[in-house]
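Here's the structure we're looking at; comments come further down.
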Amino acid sequence: MSNSRTPDGLCAGRVVVVTGAGRGLGRAHALAFAAEGARVVVNDLGVARDGAGSSTGPAQEVVAEIRANGGEAVAHGGDIATTDGAASLVAAALDAFGRLDTLVNNAGFLRDRMLVNLDEDDWDAVMRVHLKGHFLPLRHAAAHWRAEAKAGRRPDARVVNTSSGAGLLGSVGQGNYSAAKAGVLGLTLVAAAELAGYGVQVNAIAPAARTRMTEQAFAAAMAAPDGPDAFDAMAPENVSPLVVWLGSAASAGVTGRVFEAEGGRITVMDGWRPGPTADISARWSPSAAGEATRALLAASAPPLPAYGSR
Ligand SMILES: NC(=O)c1ccc[n+]([C@@H]2O[C@H](COP(=O)([O-])OP(=O)(O)OC[C@H]3O[C@@H](n4cnc5c(N)ncnc54)[C@H](O)[C@@H]3O)[C@@H](O)[C@H]2O)c1
């Protein structure tokens, strides 16, 4: 796929913010949005794999790449899990380009441990970067869009949140990350319902791709193919087309949905919905509740296993 800019592309005229866009999936999304004509705010704090440190280098490199392709972009080096970082991110879009149309929440890092060894600090850091790091940019972008709607300029705005298979099914050794990414799904449903009246659509993806987050832990599954002509299914660029479409005006009417995206496959993830049910219109005794529950379980599909479970 060429990243050179399409002036009349799917996102021509739109201003798109991507968090954590200095590397991996966020970088691929930023380049893909720019290739479809969007002006892009490239946010990245430039942290290490475990969230330590910071550097403005990764965001600036992606901005340089977009500009070299003929696109427009600015860098933002703030921490999206802080009020200052999130507010200044929205302000950066408005200052540089005068508008904000799409927010892609993507930034994050891992601190994997089995639950019995998971330190409180590692719990807090991962919940903070993924869950608060989704909430705060969403909250500040939503306040802007609500003000626009109230001023008679109804937005055609989009938010794409980043969950994970870990949030959908659970993942052994990732209790903090799975809880945060499941939280992102709940936040997506609430935001879609609350913001619909202001012209804002909110969806979530659960991606899989070869980045520094996955290339060691899942080395075999993430490996690039041998032949130069073989489809490199785990390249992060394969996830971006769905994100660009969800972030464009073309996705009108699609909101509150969750999609898995990996390689050449897009899957709609059906959410919780009632399965077999029993109602005696009275209080159960514990043993009768147990007997009825066993019958209900026998009539329901077995759950999908958590990633990494035996
Ligand atoms: N790679 C996968 O297979 C996969 C699978 C499921 C979900 N995800 C999710 O996709 C997103 C992107 O992950 P990736 O695999 O590209 O990882 P990555 O480490 O390559 O990129 C994440 C980027 O986020 C930045 N970042 C971290 N904390 C930040 C903060 N507080 N403020 C601003 N930027 C910050 C990092 O500097 C980094 O450049 C993450 O939310 C991740 O959980 C990835």
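The values are calculated or read from the model by the stated rules, or taken from the named source; none is laboratory data. Note that the coordinates shown come from a computational prediction; the quantities given were computed from them, not determined experimentally. Neighbour counts are summed over all protein chains in view; Cβ atoms, including those assigned to glycine, are modelled from backbone coordinates with ideal geometry.
One table, with the values for the structure above:
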{"read-out": "Those residues of region 69-86 which are under 18 Å from residue 16 (Cβ atoms) and either of a type outside the set (A, V, I, L, M, F, W, C) or not in a loop (DSSP other than H, G, I, E, B) (or both), in sequence order", "value": "69, 70, 71, 72, 73, 74, 75, 76, 77, 78, 85, 86"}
{"read-out": "Lone qualifier among 138, 131 - being of a type in the set (A, V, I, L, M), within 11 Å of the ligand (Cβ to nearest atom) and modelled with pLDDT of 95 or more", "value": "131"}
{"read-out": "Pick from region 90-109, criterion more than 16 Å from the ligand (Cβ to nearest atom) and at negative phi, ranking: surrounded by the most Cβ atoms within 10 Å (Cβ to Cβ)", "value": "102"}
{"read-out": "Matching residues, region 25-48, being near the ligand (Cβ under 6 Å from one of its atoms) and surrounded by fewer than 24 Cβ atoms within 10 Å (Cβ to Cβ)", "value": "46, 47"}
{"read-out": "Matching entry among 112, 119 (being at pLDDT 95 or above, more than 16 Å from the ligand (Cβ to nearest atom) and either surrounded by 21 or more Cβ atoms within 10 Å (Cβ to Cβ) or within 25 Å of residue 164 (Cβ to Cβ) (or both))", "value": "119"}
{"read-out": "Filter result for the condition that a residue is under 14 Å from the mean Cα position of the chain (by Cα), of a type outside the set (Lys, Arg) and more than 11 Å from the ligand (Cβ to nearest atom), over 196, 209, 191", "value": "191"}
{"read-out": "In region 49-65, residue nearest to the ligand (Cβ to nearest atom) [restricted to those that are among the hydrophobic types (A, V, I, L, M, F, W, C) and either in a loop (DSSP other than H, G, I, E, B) or surrounded by fewer than 18 Cβ atoms within 10 Å (Cβ to Cβ) (or both)]", "value": "52"}
{"read-out": "Residue 277 part of a loop (DSSP other than H, G, I, E, B), near the ligand (Cβ under 10 Å from one of its atoms) and modelled with pLDDT of 95 or more", "value": "no"}
{"read-out": "Count - residues of region 122-131 that are surrounded by fewer than 19 Cβ atoms within 10 Å (Cβ to Cβ) and touching a residue at least 40 places away in the same chain (Cβ under 8 Å)", "value": "3"}
{"read-out": "Residue list for region 219-253, restricted to those being more than 16 Å from the ligand (Cβ to nearest atom), out of contact with any Phe, Trp or Tyr (no Cβ under 9 Å at 6 or more places or on another chain) and in a loop (DSSP other than H, G, I, E, B)", "value": "226, 227, 228, 229, 230, 231, 252, 253"}
{"read-out": "Failed condition for residue 108, given (1) assigned to a loop (DSSP other than H, G, I, E, B); (2) touching a strand residue (DSSP E or B) at 6+ places or on another chain (Cβ under 8 Å); (3) over 25 Å from residue 170 (Cα atoms); (4) of a type outside the set (A, V, I, L, M, F, W, C)", "value": "(3)"}
